[in-house]
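Here is the structure we will look at, set down as structure tokens.
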Amino acid sequence: MQSTPKYNAINTPFELKGRLSRFASSEYVVFPGFCDVHVHFREPGFSYKETIRTGSLAAARGGYTTVCAMPNLNPVPDSVEHLDMELGLIRDQAVIQVLPYGAISVGEKGEELADLEGMAKDVAAFSDDGHGVQKDAMMRSAMERAKKLDRLIAAHCEDNSLLHGGYIHEGIYSRAHGHRGICSESEWGQIARDVRLAGETGCRYHVCHISTRESVEIIRKAKAEGVDVTCETAPHYLVMDENDLQEDGRFKMNPPLRGKEDREALIAGVLDGTIDMIATDHAPHSPEEKSKGLSGSAFGIVGLETAFPLLYTHLVLPGILPLGKLIDLLTVSPRRRFGIAEEPESFSIWNLNQQEIIDPSRFLSKGRSTPFEGMQVYGVCMATVYRGNIVYLRGED
């Protein structure tokens, strides 16, 4: 392994005491608390998959001190009353900062706008994540309303008319193994529509989990034209592609793993600033829901506990991405775009030279489904501190 890169971009002032004193050596590095603007904590409604408690503990184990929880819940946070149920769970259970999304539409059904005004002060942004907003007029109305409220619209872009029952990428693997494919246009077509609407309405617009080379180019062009647009991608789209697929539900997510040329375009987009941040789309399911192969399993994998080691191992160590740039993608950029202040006395401590095998049985998340199971990675989180409190300590998990 190459020597650990020096990281001098931060200078977190704290004194290591008590249980943290063993980390007071040059062997360890300190990073500001990571911020993930795209997670699924499943409460209220689906606590058998994840709870605010287990999800926030998993985030802390991955070095995160702030996450934004998506609204595909039961009830959907589409009103003040429904949002208050989620906020109450967050107050009672979260060990880090958890900021909820409000839904764009009632029930995330795309037919009627949710109570955006009532929820605006308590949400990170508005999204119908898990569902693309199918009607142009509905998205335009949402953007106009969000513009007045000075809130982001964060869009899961997916054109249902182009899905045709697909469940993995429409590419080499799907054709070779007889699977129904999801075409790239189902994603980039809605992005093209939305950046046009964002330009016309002046709305602040954010694209969730982009996965295709066309998406990168559309967003790059929109930025050059002055549209107020940002986007995220996820670690799995930067590290894997369809050539890594196996006949196992842990390789099924939405959007799917795309082609090699898509992965390369995403990396280029990260390097040139087209892609503004990396979010995990942490999406836990029960073992039963992920045990039905590529065709029958639920969409979604977990990612909070593996994100940094994967990105560090596969992008930083080979010299593709500078460490400082990676930390910006995980901290400064998402906070700046979503208006999330850095929490005081919040940071994580890492041993970048230590190796480990990704072992889902050690996850603090209820979810265990990851395509990276068994992979050897560098970078182990030793401790995470949130507002001066130790919320994760290696060896006590």
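The values are calculated or read from the model by the stated rules, or taken from the named source; none is laboratory data. Since this is a predicted model, take the numbers as computed values, not measurements. Because the Cβ atoms are built from the backbone with ideal geometry, glycine has one as well, and the counts that use them run over all protein chains shown. Keep in mind that these areas ignore ligands, DNA and RNA; they rest on the heavy atoms of the full protein, side chains included. Shrake-Rupley method; radii C 1.70, N 1.55, O 1.52, S 1.80 Å.
Points worth noting:
- Most fluctuating residue given options 20, 57, 245, as computed from a GNM of the chain linking Cα atoms under 10 Å: 20
- Considering only alpha-carbon pairs that sit under 8 angstrom and 6 or more positions apart, the relative contact order computed for the chain is 19 percent.
- Computing Rg and the Kirkwood Rh from the Cα coordinates of the stretch 33-126 gives a ratio, Rg/Rh, of 0.96.
- Peptides ranked, highest mean first, by Cβ atoms within 10 Å: ranges 307-313, 360-366: 307-313, 360-366
- Solvent accessible area, Å² - residue 221, 1.4 Å probe, full protein context: 120
- Of 49/325; 260/290; 49/290, those spanning more than 21 Å from alpha-carbon to alpha-carbon: 49/325; 260/290
- Net lengthening on full extension, residue 286/residue 122 (0.36 nm per residue, minus Cα-Cα): 56.1 nm
- Using the Karplus relation 6.51 cos²θ - 1.76 cosθ + 1.60 with θ = phi - 60°, the per-residue 3J(HN,Hα) values for the stretch 62-68 come to x, x, 8, 10, 9, 9, 10 Hz, with x marking Gly and Pro.
- Summed residue charge, Cβ within 11 Å of residue 367's Cβ, Lys/Arg positive, Asp/Glu negative: +3
- Share of carbon and sulfur in the accessible heavy-atom surface of the stretch 264-326 [1.4 Å probe, %]: 58
- Cβ crowding within 10 Å averaged over residues, with 136-146, 155-165 ranked highest first: 136-146, 155-165
- Accessible area per residue, Å², the chain with all protein chains present, probe 1.4 Å: 38
- To put it simply, the accessible area of the stretch 59-154 at a 1.4 Å probe is 46 percent carbon and sulfur.
- Once backbone amide H atoms are built at 1.01 Å from N, residue 68 has 36, 37, 38, 39, 99 as its partners under 5 Å, excluding neighbours fewer than 5 places away on the same chain.
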